[in-house]
Amino acid sequence: TINDYTMIGVQYGAGLSQVIWNPSTEQDWVFIPYNFGVTYTRYGKMFGYMPYFGFQAGIFYGQEGYQFKYDEKNDFIYRIEGAEKALIKVVKVPVMAHMHIDFWKMKIMFNLGCYAGYRLSIERFQLFDKDDYSILNQIRFEASRYSFKDTDNRWDYGIKGGIGFGLIFDPIEIHIMAAYKHSLSSLYEPDHYSPYYYRFAYPSNIVVSAGVHFQLTKRTGK
């Protein structure tokens, strides 16, 4: 008997975030202490007989961010609005294809799909001695420390995928997942700095999470 059943679950994780810059610049990973959400999973047969597939949708709340690294060779650090670091709170809705291989009381899982999201708020940080900041940088920093600019993109979308395993204690399952998310929506309009030299900034996250999932319908087969 092929397993056709549904689950609802809660997932909590932490991870690392950085931004893919164009032009590139020196940066560090930013630790993200939380990423949590609710998921709905539906297992089913692909083409009426292939038992390894399903889909998963959910809503997640978390953070992403960036932190520039000091370039000792050139005695320079890149700044945006007078700040070298920023944390952005985001809400995301992923919809992913789900593949699972069950054995004994365990399963291996693969997810791949897309997501849409919205950047809720931002906080910018200065990391160095303020004597190093110009008056213009300081004005920019104070003006946008807790706010987005008109040239910032609040809507987000991109791709998301992951791999993990589950422990099955019917009707409860415990899932451990490692996921990667890559945004296709730049943090700001590409011509915000110059109409001739475009700049892009695409956030990416790596999140390791654990979740508890409850079977809504009976799991009967393999």
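Local charge sum around residue 145 (other residues, Cβ-Cβ under 11 Å, Lys/Arg +1, Asp/Glu -1)? Let's see the in-between values first.
Working: positive: 124, 140; negative: 81, 123, 142.
Net charge around residue 145: -1.
The heavy atoms of residue 91 present about 40 square angstrom of accessible area, all protein chains included, probe 1.4 Å. When the chain is modelled as a GNM with alpha-carbon springs shorter than 10 Å, which of 63, 18, 138 fluctuates the most? Among 63, 18, 138, the largest mean-square fluctuation in the Gaussian network model of the chain belongs to 138.
In what order, largest first, do 7, 177, 106 sit by accessible area if the probe radius is 1.4 Å?
Numbers: 7 0, 177 25, 106 55 Å².
The ranking, largest first, comes out as 106, 177, 7.
With charges set only on the Cβ (+1 for Lys and Arg, -1 for Asp and Glu), what does the dipole of region 1-130 come to about its Cα centre, in debye to the nearest 20? With Lys and Arg at +1 and Asp and Glu at -1, about 540 debye.
Suppose accessible area is computed on protein heavy atoms with a 1.4 Å probe; arrange 109, 99 from highest to lowest.
Details: 109 0, 99 70 Å².
Order by accessible area, largest first: 99, 109.
Accessible surface of residue 159, taken over heavy atoms with a 1.4 Å probe and every protein chain present, rounds to 90 Å². Computed over protein heavy atoms with a 1.4 Å probe, the carbon and sulfur contribution to the accessible area of the chain reaches 64%. Listed options for Rg/Rh (Cα atoms, Kirkwood Rh) are [x] 1.02; [y] 1.09; [z] 1.11. The value calculated from this structure is the one marked [y].
Restricting region 108-196 to chymotrypsin sites (Phe, Trp or Tyr not before Pro) that sit in a DSSP loop and have at most 15 other Cβ atoms within 10 Å of their own Cβ leaves 128, 146, 193, 196.
When the chain is described by a simple charge dipole with +1 on each Lys and Arg Cβ and -1 on each Asp and Glu Cβ, the residue from 30, 77, 127 located farthest towards its positive end is 30.
Relative contact order of the chain: what whole-number percent is it, with Cα pairs under 8 angstrom and at least 6 residues apart?
Numbers: 589 pairs, mean separation 54.1, N = 222.
Relative contact order, the chain: 24 percent.
Averaged per residue, what accessible area in Å² does region 121-222 show with a 1.4 Å probe, protein chains only? Please list the in-between numbers first.
Details: 6160 Å² over 102 residues.
Value returned for region 121-222: 60 Å² of accessible area per residue.
What pairs in 85/107; 45/160; 45/89 have C-alpha atoms more than 32 Å from each other? Cα-Cα > 32 Å for 85/107; 45/89; rest within. Loop-located trypsin sites (Lys or Arg not before Pro) across region 1-102 with a Cβ neighbour count of 11 or fewer within 10 Å are 73, with loop assigned by DSSP. Measuring between their Cα centroids, region 112-182 and region 9-50 lie 11 Å from each other. Karplus-derived 3J(HN,Hα) values for region 196-202, using 6.51 cos²θ - 1.76 cosθ + 1.60 with θ = phi - 60°, are 10, 10, 6, 10, 10, 8, 10 Hz; glycine and proline are entered as x.
The values are calculated or read from the model by the stated rules, or taken from the named source; none is laboratory data. This structure is a prediction, so every number in the text was calculated from the model and none was measured. Glycine gets a Cβ as well: all are built from the backbone with ideal geometry, and neighbour counts include every protein chain shown. Each accessible area value is taken on the protein alone, full model and side chains, heavy atoms only, with ligands, DNA and RNA left out. Shrake-Rupley method; radii C 1.70, N 1.55, O 1.52, S 1.80 Å.
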